[in-house]
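Worksheet: the structure to be examined is printed underneath.
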Amino acid sequence: MYKLAANIVKAIFKLTGSKAGIYEEQNLPKDGGFIIACTHTGYVDILNLGISVYPREIHFMAKKQLFDMKGLGWLINRLNAFPVDRDNPGPSVIKIPSQLLKEGKIVGIFPSGTRNAEGTDLKQGAITIAQLSKSQIVPAAYVGARTVGDVFKGHKGYLIYGEPFYVTGKGKEGREEFTQHLEDELLRLTEELHQRIADKKK
């Protein structure tokens, strides 16, 4: 199902000109499991991120409520998403992604691009998973088309990958230190991406 969906999305984005321009793709690890923590502004960023690393597949962390929606829950379950209860997080929040990483798979987490409570929680969640699984985390930023309407209007997207890092800090202090590092990196990458887009349009 993932392969079929990826090829359909690639074909649509190619026809509409909405496929994301990729910067610093060399920062993506060539093999093994790792986490991508990407800014999130809409649904198109998820699609562009997914096809940017294809044929490798991303296992996306998604809020539990999405799986309760008829049709959508069935679909995202078959597209490698796994549910997380953000209101009452249990052991599965760590256990599922840690197992995926151990199996050499990619885990995708989407903290928001702004400093809000949910975004901070998700950044800290990404850091906690990286710390406990001893996996690399790749920060990424997306700017551009957000909705299906944007795609069919030919609005383009852009993705930039930052340098991967390990969470070397220990315990709560280490998590707090690297959560701040991730937040700073996401903001820096977003600013850099805006600048590159502006330079490209000159």
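The values are calculated or read from the model by the stated rules, or taken from the named source; none is laboratory data. Source: prediction; values computed, not measured. Glycine gets a Cβ as well: all are built from the backbone with ideal geometry, and neighbour counts include every protein chain shown. All accessible areas refer to the heavy atoms of the entire protein, side chains included, with ligands and DNA or RNA removed. Shrake-Rupley method; radii C 1.70, N 1.55, O 1.52, S 1.80 Å.
What fraction, in whole percent, of alpha-carbon pairs in region 1-79 exceed 19 Å separation? Walk me through the intermediate numbers first.
Values: 1304 of 3081 pairs.
Tail of the P(r) past 19 Å holds 42 percent of the pairs.
Between residue 57 and residue 75, the distance separating the two model label sites (each 7 Å from Cα on the Cα→Cβ line) works out to 1.8 nm.
Net charge of the neighbourhood of residue 58, taken over other residues with C-beta under 15 Å away and scored Lys/Arg +1, Asp/Glu -1, is 0. Residues whose amide H falls under 5 Å from that of residue 20, counting only those 5 or more places apart or on a different chain, are 157, with hydrogens built in the peptide plane.
Between residue 168 and residue 184, what length comes free when the chain is fully extended (0.36 nm per residue of separation minus the Cα-Cα distance, one decimal in nm)? Kindly include the intermediate steps, with their values, before the conclusion.
Details: separation 16, 0.36 × 16 = 5.76 nm, distance 1.69 nm.
That pair, residue 168 and residue 184, stretches by 4.1 nm at full extension.
Rounded to the nearest percent, how much of the accessible area of the chain (1.4 Å probe, protein heavy atoms only) is carbon and sulfur? Display every interim value, and only then the final one.
On the way: 5980 of 10830 Å².
It is 55 percent, rounded to a whole number.
Averaged over its residues, the chain has an accessible area of 54 Å² per residue, based on protein heavy atoms and a 1.4 Å probe. Measuring nothing but how far apart in sequence close Cα pairs (under 8 Å, 6+ apart) lie, relative to its length, the chain scores a relative contact order of 30 percent. For residue 59, nonlocal amide neighbours, meaning residues 5 or more places apart or on other chains whose placed amide H falls under 5 Å from its own, are 106, 107, 108.
On the principal axes of its alpha-carbon atoms, the chain has extents of 47, 41, 32 Å, going from largest to smallest. Farthest towards the positive end of the charge dipole of the chain, among the residues 15, 55, 151, is the Cα of 15, using unit charges on the Cβ of Lys, Arg, Asp and Glu.
Let me spell out the model: positive unit charges on the Cβ of Lys and Arg, negative unit charges on the Cβ of Asp and Glu, origin at the Cα centre of the chain. What dipole size does that give, in debye rounded to 20? Can you show the working numbers first?
Numbers: 28 positive and 22 negative charges, 149 e Å.
The dipole of the chain has a size of about 720 debye.
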